[in-house]
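Reading through the structure tokens given below for one structure.
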Amino acid sequence: MPQLNKLRTVSSGGSGADTASASAIRLRAALTAFFALDGFLFAGWVVRIPAIKHQTGASASTLGLALLGVSAGAVITMVLTGRLCRRYGSHAVVVVCGVLLPLTIALPAQTRSALSLGLVLLLFGAAYGGMNVAANSAAVELVTTLRRPVMPSFHAAFSLGGMAGAGLGGLVASRLSPGTHLFALAAVGLAVTAAVGPLLLRHAAAATGPAAPEPSGTAPQPRRIPPHVRRIVVLFGVIALCTAYGEGALAEWGALHLSQDLHAGAGVAAAGYSVFALAMAIGRLSGTALLERLGQTRTLVAGGAIASAGMLLGALAPTVPLALAGFAVTGLGLANIFPVAVGRAGELAGPGGVAAASTLGYGGMLLGPPVIGFLADGLTLPLALTTVTLLAAVSAVLGWGARNAAHG
């Protein structure tokens, strides 16, 4: 069967090697742009949720139900996108989602009820989930081609894109209506896809050669994943879940913890997640060097242990500066665990592995906020946040358990 999206390899030292290297660099830049666009658009939507809540007249509870549309659409599409990537190639799916995601981000601002908002968010979530799986699948293939662990750099682009989208959204929120802002984001997204999408499609077309002949009278058989490989993929998916749980928890509850429990001002409380996100971006930017020095297993174990210690400080510290320091350490610890786990699942099982691990990981991000809220009602918010510490420690233990399946 043809191998999709693989750059042609040539012997080192010839002019063909230079061409392949230049192609790989361009392809890496194109994929980085799509990861950054993904984070930029999603963050731009998130900062307009309060305005759209007011526009639709939704209560807090009905808004929460409508927002589940993003999650439902993403999870459903993540399951299906692996199959689409195997059939059409991950590059083609990335470009299609690069069109659909900007188009759907403009829709929420046109709604006037919670029901219509939930329905259009199903479409937005579907495009968002498809982009995540397809882009990660393409990145896994490029990592194999480059023979360097550059996966964290793509996720760093997502984090930086998210910070840019949130920062820009905060600046224009008081000046632009949600409709104008989201329409502008859609235009930016379509422009980026038009600029870099053809590069992905050219590589996909160039790499797709004639299929190997099948035995007479037989149909092409889908790739079968051995049961033991499936179990390992699930293991890496659970590692991703444990770490994404912490990211979701801090996004939703970090500011409230700082303001309610430590009496921080509104500006300082809002900066809590920014400190965490910035530390995560810095950690991912250094992730390739870290993986080359430590290997996957030690990176997973060390990251989980550091995040566990950091969140214990962040949750139980008696002062705001110590809590912010804990948030930063947590971000550094969690930074590379998710990309390593998803990347390794993709190496083992292709796009289906990326889809499975991404779905589990995304589930962890969704699971974190409601679990924290439930525990905070029964205990206290600081104690509820220590579950992030627990799951980060679990990810370290599982990372060590996966040492025979991970390189290094």
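The values are calculated or read from the model by the stated rules, or taken from the named source; none is laboratory data. Everything numeric in this text was worked out from a predicted model, so none of it was measured. Because the Cβ atoms are built from the backbone with ideal geometry, glycine has one as well, and the counts that use them run over all protein chains shown. For accessibility, only protein heavy atoms count, side chains too; no ligands or nucleic acids. Shrake-Rupley method; radii C 1.70, N 1.55, O 1.52, S 1.80 Å.
Of note:
- Qualifying position, being hydrophobic (A, V, I, L, M, F, W, C), at pLDDT below 90 and open to solvent by 40 Å² or more (accessible area, probe 1.4 Å), among Ala184, Ala206, Ala195: Ala206
- Filter result (β-branched (Val, Ile, Thr) and buried (at least 20 other Cβ atoms within 10 Å of the Cβ)) within region 366-385: Ile372
- Subset of region 66-107 that is aliphatic (A, V, I, L, M) and in contact with a Ser or Thr (Cβ under 7 Å, 6 or more places away or on another chain) - its residue that is nearest to Gly118 (Cα to Cα): Val75
- Residues that are closer than 30 Å to Pro227 by Cα and in a helix (DSSP H, G or I) are absent from region 379-389.
- Residue in region 105-117 that is within 21 Å of Phe40 (Cβ to Cβ), open to solvent by less than 70 Å² (accessible area, probe 1.4 Å) and within 17 Å of the chain's Cα centre (by Cα) present: no
- Figure legend. Inter-residue proximity from region 167-179: first residues of a type outside the set (Phe, Trp, Tyr), second residues open to solvent by less than 40 Å² (accessible area, probe 1.4 Å), beta-carbon distance below 6 Å, spacing 6+ or different chains. Indicated pairs: Gly169/Gly44; Val172/His181; Pro178/Arg48; Pro178/Ala51; Pro178/Ile52; Pro178/Ala109; Gly179/Ala109.
- Any hit, region 124-132, residues being open to solvent by 10 Å² or more (accessible area, probe 1.4 Å), in a helix (DSSP H, G or I) and modelled with pLDDT of 90 or more: yes
- Hey, Leu285 more than 22 Å from Thr389 (Cβ to Cβ), among the hydrophobic types (A, V, I, L, M, F, W, C) and open to solvent by 60 Å² or more (accessible area, probe 1.4 Å) or not: yes
- Boolean, Glu292 is modelled with pLDDT under 90, under 18 Å from Ala393 (Cβ atoms) and either in contact with a helix residue (DSSP H, G or I) (Cβ under 8 Å, 6 or more places away or on another chain) or open to solvent by 10 Å² or more (accessible area, probe 1.4 Å) (or both): no
- Search result, residues across region 148-177 that are open to solvent by 10 Å² or more (accessible area, probe 1.4 Å) and in contact with a Lys or Arg (Cβ under 8 Å, 6 or more places away or on another chain): Ser153, His155, Ser159, Ala173
- Some residue of region 318-334 being open to solvent by 60 Å² or more (accessible area, probe 1.4 Å), under 15 Å from Ala244 (Cβ atoms) and either in a helix (DSSP H, G or I) or in contact with a strand residue (DSSP E or B) (Cβ under 6 Å, 6 or more places away or on another chain) (or both): no
- In the set Ala279, Ala356, Ala315, only one residue is part of a helix (DSSP H, G or I), in contact with a Phe, Trp or Tyr (Cβ under 9 Å, 6 or more places away or on another chain), touching a residue at least 24 places away in the same chain (Cβ under 8 Å) and buried (at least 24 other Cβ atoms within 10 Å of the Cβ); that residue is Ala356.
- When Gly363 is tested against the conditions (1) modelled with pLDDT of 85 or more; (2) open to solvent by 10 Å² or more (accessible area, probe 1.4 Å), the lone failure is (1).
- Inspection of region 6-23 finds no residue satisfying the criterion of being open to solvent by less than 40 Å² (accessible area, probe 1.4 Å), at pLDDT 85 or above and in contact with a helix residue (DSSP H, G or I) (Cβ under 9 Å, 6 or more places away or on another chain).
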